[in-house]
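Enquirer: Okay, handing you the structure first.
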Amino acid sequence: MRILTILAVLVGSAAAAHADEVTLKNGDRLTGKIVDLVGGKLRIDTGHSGVVSVDWTQVASIKTDAKIKVKLVSGEVVEGTLGAGQEGRLRIESGGAGPLEIPPDRVKAFNEPPVAWHGSIDVAARTTDGNTHTTTMLVAADALRATESDRLYFKAVFRYGETQNVITERNAFGQVKYDYLLSEKIYAFVSGEVLSDKFKDLSLRTVLAAGVGYIFLKSPEMDFWGDAGLAFVDNDFREASDESHTGGRISAHARRVLPFGFEAVDDVVYLPNFEDSGDWQLRNDFAVTTGLGQGWTLKAGMITEYDNDPPTDRRKYDDIYYVGLGYRF
């Protein structure tokens, strides 16, 4: 038993000797493996306590055994092991030229991932047979490509239902949005949206908009931003008279990591009509997702579509609730 205890101590000491070390300005020390530095938050995988996030401004020094990709505010990327430099500077040993020492405020990111598309595909469906014959389905997909200077986002949702071979639901929504960062917090955007719904008497609604937005918060745990701009709205109805008008587009996006591996996302878009204050529309997409492993997810959500001045004999709102499987990439 004593031999096993000694071996455990030796293994633990060896692991600690090869661990990255972060010293905070209050004197606390964290050991483990540095994951990344994004949005002013340094993440360290401590092993025993999981991934810990600390403010970069509270870090006094860092020491690593493995190489780290360090991105500077100038856009330059330097790779090497990290250590404490003179006068609170960060020392980077690249193995080539001499060591580089830089002030902490010149560091923008560690281990920044390459630019790539990320998104999800989700499917929810139900069918019955016997006394009733019903089929309902919802298919949704979204994709985001984000860089330091811009973001490009696509989204599509299709819903279909029938009972006794009679169509009871057919709705299609699509969106594309491009954001260009004017500063770290402010961005300009252009967007296009289309909506078609057989039971709203809506053959096609097209919304083209442009404006500015502000990023209130962006971190691995939470995102929140909103924007507002001018919009041109064209409504092509099946039976009612077609119409178009100028208006606005106000939207907000919120994401929050929840306990036990859950994540909540909410997107809302409000379309006021500048020519008729009583004619406005609102769409809200809310969903909670949890991972099942290997990229697969379980997703539950609610979609609200509201039209304050719908065509004759149509209701103002539709609420859609769903639970389905998805895949993240």
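Enquirer: Mind checking which residues of the range 177-202 are surrounded by fewer than 15 Cβ atoms within 10 Å (Cβ to Cβ), in contact (Cβ under 8 Å) with a residue 24 or more places away in the chain and part of a strand (DSSP E or B)?
Expert: Correct list: Tyr180, Ile186.
Enquirer: Hey, Thr128 hits all of (1) farther than 30 Å from Ile215 by Cα; (2) open to solvent by 50 Å² or more (accessible area, probe 1.4 Å) but one; which does it fall short on?
Expert: Tallying (1) farther than 30 Å from Ile215 by Cα; (2) open to solvent by 50 Å² or more (accessible area, probe 1.4 Å), Thr128 fails exactly one: (2).
Enquirer: Asp65: touching a residue at least 24 places away in the same chain (Cβ under 8 Å), more than 21 Å from Ser149 (Cβ to Cβ) and of a type in the set (Asp, Glu), yes or no?
Expert: Yes: the conditions hold for Asp65.
This table checks each residue for (1) assigned to a loop (DSSP other than H, G, I, E, B); (2) farther than 22 Å from Ser74 by Cα; (3) open to solvent by 50 Å² or more (accessible area, probe 1.4 Å).
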site: Asp105; (1), (2), (3): no, no, yes
site: His118; (1), (2), (3): no, yes, yes
site: Val123; (1), (2), (3): no, yes, yes
site: Ala141; (1), (2), (3): no, yes, no
site: Leu144; (1), (2), (3): no, yes, yes
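Enquirer: Taking the options Asp236, Asp285, Asp276, name whichever one is in a strand (DSSP E or B) and more than 15 Å from the chain's Cα centre (by Cα).
Expert: Asp236
Enquirer: Can you report the number of residues in the range 54-65 which are over 16 Å from Pro103 (Cβ atoms) and open to solvent by 50 Å² or more (accessible area, probe 1.4 Å)?
Expert: Selection size over the range 54-65: 3.
Enquirer: Is it fair to say Thr297 is under 19 Å from Asp122 (Cα atoms), of a type outside the set (D, E, K, R), at pLDDT 95 or above and in a strand (DSSP E or B)?
Expert: yes
Enquirer: Still on this structure: Consider Asn165 against the criteria (1) open to solvent by 20 Å² or more (accessible area, probe 1.4 Å); (2) farther than 30 Å from Asp313 by Cβ: it satisfies all of them except one. Which criterion is unmet?
Expert: It fails just one condition, (2).
Enquirer: Let me ask something additional. Within the range 242-282, which residues are over 19 Å from Ser219 (Cβ atoms), free of Cβ contacts under 8 Å to residues at least 24 places away in the same chain and open to solvent by less than 70 Å² (accessible area, probe 1.4 Å)?
Expert: Glu243, Ser244, Val268
The values are calculated or read from the model by the stated rules, or taken from the named source; none is laboratory data. Remember, predicted model here, so these are calculated numbers, not experimental data. Every residue, glycine as well, gets a Cβ built from its backbone with ideal geometry; the counts of neighbours run over all protein chains shown. Side chains included, ligands, DNA and RNA excluded: accessible areas come from the protein's heavy atoms. Shrake-Rupley method; radii C 1.70, N 1.55, O 1.52, S 1.80 Å.
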